[in-house]
Amino acid sequence: MAYTTATKICLIALILSAMPAAFADTPSSLAAGYAADAAKASPDFTPSAQRGQTLFTKSWGVSQKMPGCTACHGNDPKVGGKHVVTGKRIDPLAPSTNPERFTSLKKVEKWFKRNCTEVIGRECSAAEKADVIQFISQGS
Amino acid sequence: MKPASFAGVILLLMSCSALSDTLPVPTNALYPEECGGCHVAYPPKLLTGDNWQQIMNGLDRHFGSDASIDAQSKQEITAFLLRHASSDPRHRATSLRIHDTPWFIKKHHRLKPRAYTNASVKSPANCTACHAQAEQGVWHSPPHSRMRTFMDYFTNDDD
């Protein structure tokens with residue numbers, strides 16, 4: 001069967017458009033990556049949703065306006081929240097209700113860096129990131 | 001009139017009427033991505049270039065938060081903001097806050113201060129609390145149904 005040039009171009013475009021999806025990060029691939037990093041320091045590390053929840057809901061007391069993650073993200077990652085200063089709606093973190101979350105390592109790194117520094121007063125460790133992703137994506 | 005030119009006129013009319021209540025928001029991929037996470041990606045023309053420059057130079061102390069971004073994004077976003085900034089002094093505020101500009105104050109002079117402390121609004125920075133479609137570039141006054149919710153927050157004097 002002979003393909004016309006147009007068909008070939010369409011096929012190539014189709015394949016190219018499908019590629020980013022194939023190579024995009026997923027919540028589990030990101031958690032696994034952070035877990036592997038954490039395991040370098042403590043070999044028996046496995047991500048824990050419970051530890052993640054503790055970190056997420058803790059009032060760290062570093063920032064007056066933003067004592068914890070929930071100040072902006074709300075108590076339920078499936079529901080989302082509201083920026084505590086500007087009032088802007090913050091879309092849910094849970095991939096089950098917001099599939100865009102945790103699909104780009106670059107984005108995830110940027111926000112962990114910015115928000116951990118603001119709320120906890122330091123950057124988060126790979127272990128903490130793995131735990132938090134485990135907590136946020138559980139049940140999805 | 002030929003159907004084609006008639007359609008053209010209709011399109012022109014539609015775009016003109018749309019212009020009256022929209023604030024053209026120039027697009028840039030990085031700007032909403034980097035700045036629109038915490039607040040509306042404010043239209044660049046709401047501040048002057050020197051104001052935007054000061055904001056971009058102080059991102060590590062951004063109204064009480066560290067909002068630093070990487071050098072390349074900073075450069076691109078600054079260039080974008082400066083390209084579309086206002087040159088009108090009514091869009092300048094020494095506080096660097098859009099709601100302190102003479103233009104904003106005049107536009108919102110009928111709003112009582114407590115409108116902003118309402119739990120669902122929180123801050124004059126929260127444009128979408130009243131201008132629901134602000135992020136799509138539609139800034140006309142809120143529809144009546146929505147205004148009614150906020151009626152208590154308006155004074156009656158018209159000047």
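The values are calculated or read from the model by the stated rules, or taken from the named source; none is laboratory data. A quick note: this is a predicted structure, and the numbers were derived from the prediction, not measured. Here the Cβ positions follow ideal geometry from the backbone for every residue, glycine too, while neighbour counts run over all protein chains shown. Ligands, DNA and RNA are excluded from the accessible area calculation, which covers all protein heavy atoms including side chains. Shrake-Rupley method; radii C 1.70, N 1.55, O 1.52, S 1.80 Å.
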Seminar exercise, completed: Picked from segment B:115-158 (must be surrounded by 11 or more Cβ atoms within 10 Å (Cβ to Cβ) and of a type in the set (Val, Ile, Thr)), the residue modelled with the lowest pLDDT is B:Thr149
Exercise. Among B:Arg61, B:Arg110, B:Arg92, which is touching a Pro at 6+ places or on another chain (Cβ under 9 Å) and either within 13 Å of chain A (Cβ to nearest Cβ) or open to solvent by 40 Å² or more (accessible area, probe 1.4 Å) (or both)?
Worked result: B:Arg92
For this session: Kindly indicate whether A:Phe56 is within 14 Å of another protein chain (Cβ to nearest Cβ), hydrophobic (A, V, I, L, M, F, W, C), open to solvent by less than 80 Å² (accessible area, probe 1.4 Å) and not in a loop (DSSP other than H, G, I, E, B).
Result: no
Exercise. How about segment B:113-135: which of its residues are part of a loop (DSSP other than H, G, I, E, B) and away from every other protein chain (no Cβ under 14 Å)?
Worked result: B:Pro113
For this session: Given the conditions (1) away from chain A (no Cβ under 14 Å); (2) part of a helix (DSSP H, G or I); (3) at pLDDT 85 or above, report the number of the one that B:His99 does not fulfil.
Result: (1)
Exercise. What residue, among those in segment A:79-120 that are open to solvent by 20 Å² or more (accessible area, probe 1.4 Å), in a loop (DSSP other than H, G, I, E, B) and within 11 Å of chain B (Cβ to nearest Cβ), is farthest from B:Ser120 (Cα to Cα)?
Worked result: A:Ser104
Exercise. Filtering segment A:59-68 down to residues that are within 14 Å of chain B (Cβ to nearest Cβ) and open to solvent by less than 30 Å² (accessible area, probe 1.4 Å), which residue is farthest from A:Leu30 (Cα to Cα)?
Worked result: A:Ser63
Problem set entry | Sole residue being closer than 30 Å to B:Arg97 by Cα and touching a residue at least 12 places away in the same chain (Cβ under 8 Å), chosen from A:Ala41, A:Ala71, A:Ala94 | A:Ala71
Problem set entry | Of the criteria (1) open to solvent by 80 Å² or more (accessible area, probe 1.4 Å); (2) at pLDDT below 95; (3) not in a helix (DSSP H, G or I), which one B:Leu19 fails | (3)
